[in-house]
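Just so it is clear, none of the values below were taken in a lab; they were calculated from the coordinates. Values in this document were obtained by computation on a predicted structure and should not be read as measured data. With ideal geometry, Cβ positions are generated from the backbone for all residues, glycine too; neighbour counts draw on all protein chains shown.
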Amino acid sequence: MAQSINWFPGHMRKALRETEENLKLVDIVYETCDARIPFSSRNPELNRILGNKPRIIILNKADLADPAKTAKWVDCFKSSGITAVPMEANRKKGIDKLIKATEELCSDIIERAKAKGREGRTIKVMVVGVPNTGKSTLINALSGKKAAVTGDKPGVTRAPKWIRTESKLDLMDMPGVLWPRLGSRRSQLVLTATGAVKAEVTDSVEVAYETVNLLCGLYPDLIEARYRIEIFEGQDEYDRFLEMGKKMGCLMSGGRIDEERFSRLMLDDLRSGRIGRITLEDPDKPVKE
Ligand SMILES: Nc1nc2c(ncn2[C@@H]2O[C@H](COP(=O)(O)OP(=O)(O)OP(=O)(O)O)[C@@H](O)[C@H]2O)c(=O)[nH]1
Ligand SMILES: [Mg+2]
């Protein structure tokens, strides 16, 4: 992207402060990230604030991610001593594993409460993560009710909210937080392409163009199938982009390609999984600038 996304809205600063303040009230933190970008969708500021608090990383939207790469990410986190659980929060898949991992990590707290005769002590969980990674959807899946508001855009949850459940968990929903500068140019791109950054603050043609180029390298077969094009050595990337627009019928009067329309269509395809299951980051390969 030509310009780096360098902004940190006041409500995000506030959410970070609220996370820090409320941390002492909870036993464990669930950190949601997008399974398609497990590296770029983790907030270093949150990481710093959370310190040694027991934590589970939720690789959410696993239905949209490449399953082999998700398994690799789970192993990668495990080798650094971190529990990570793949999740499809909107289909309630992964919940049992999450509860089991939570009970394991909180076993001391549960045992101490039992020793004091408090058998029914609930486990208090704070759910944090970058915007639009499915925190509120996960809370609804765990609580079995539509207690938290969800939406297919970032910035839906605006303030911390406790959601008590009939099960063993009490959950605190938090607003999604980004951080100043958002890491490398590549991280900014994938955070925008997957929908963690508000679409209004970026140029959709630029984001779609760079994302599609990235995908042509990572998943050429899926791109060829979805956009009915051929990918070959030495191809001009811009011509290829226009060809995809043409094949998808994104034309303006005079036969010019409507780049804006194709870009919106392509990003929508990516966000809803119509291209196929893709993961843009690999634990074996460091993310390039
Ligand atoms: N495909 C897929 N979509 C999901 C999954 N979990 C949540 N979503 C969708 O992702 C979007 C964002 O979900 P939310 O639960 O509102 O995300 P959030 O993290 O609370 O977002 P903010 O409150 O804005 O930070 C919604 O459209 C959900 O339906 C999942 O596992 N798979
Ligand atoms: Mg939310």
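A straight Cα-to-Cα reach below 18 Å connects K161 with the aspartates and glutamates E18, E20, E21, D27, E31, D170, D173, residues fewer than 8 places away in its own chain not being considered. Full extension of the chain segment joining R121 with I82 gains 11.6 nm, where the gain is 0.36 nm per residue of separation less the Cα-Cα distance.
Taking a span of 30 Å or more along the helix axis (Cα atoms) and a mean Kyte-Doolittle hydropathy of at least 0.5 as the rule, no DSSP H helix of the chain qualifies. If you take the Cα centroid of segment 97-119 and the Cα centroid of segment 40-73, the two points sit 23 Å apart.
For the pairs K92/K124; K61/K168; K145/K168; K78/K114, flag any whose C-alpha to C-alpha distance is greater than 22 Å. Present the calculation step by step, with values, prior to reporting the outcome.
Working: K92/K124 20 Å; K61/K168 24 Å; K145/K168 15 Å; K78/K114 29 Å.
Among K92/K124; K61/K168; K145/K168; K78/K114, the Cα-Cα distance tops 22 Å for K61/K168; K78/K114.
The aspartates and glutamates within cross-link reach of K246, meaning a Cα-to-Cα straight distance under 15 Å and a gap of 8 or more places when in the same chain, are E224, E230, E237, D258, E259, E260.
Taking amide hydrogens as placed 1.01 Å from N in the peptide plane, the amide H of I123 sits under 5 Å from those of L169, D170, each at least 5 positions away in sequence or on another chain. Note on R185 and N22: their simple-model spin labels are 3.7 nm apart, each label 7 Å out from Cα toward Cβ.
Please get the size of the charge dipole for segment 10-173, origin at its Cα centre, with Cβ charges of +1 on Lys and Arg and -1 on Asp and Glu, quoted in debye to the nearest 20.
Numbers: 32 positive and 21 negative charges, 56 e Å.
My answer is approximately 280 debye.
Over the chain, Cα pairs under 8 Å with separation of 6+ residues give a relative contact order of 21 percent. Here's how it looks for T83: its modeled amide H is under 5 Å from those of I57, which are all 5 or more places away or on a different chain.
Extent of segment 1-131 along its three principal axes (Cα atoms, max minus min coordinate, largest first): 60, 37, 28 Å. The antiparallel fraction among DSSP beta bridges confined to segment 72-211 stands at about 50%.
Any idea what the alpha-carbon Rg over 2.2 N^0.38 Å comes to for the chain?
On the way: Rg = 20.4 Å, N = 289, 2.2 N^0.38 = 18.9 Å.
Relative to the 2.2 N^0.38 Å estimate, the chain comes out at 1.08.
Note on the chain: antiparallel DSSP beta bridges, both residues inside, total approximately 25 percent of the bridges counted.
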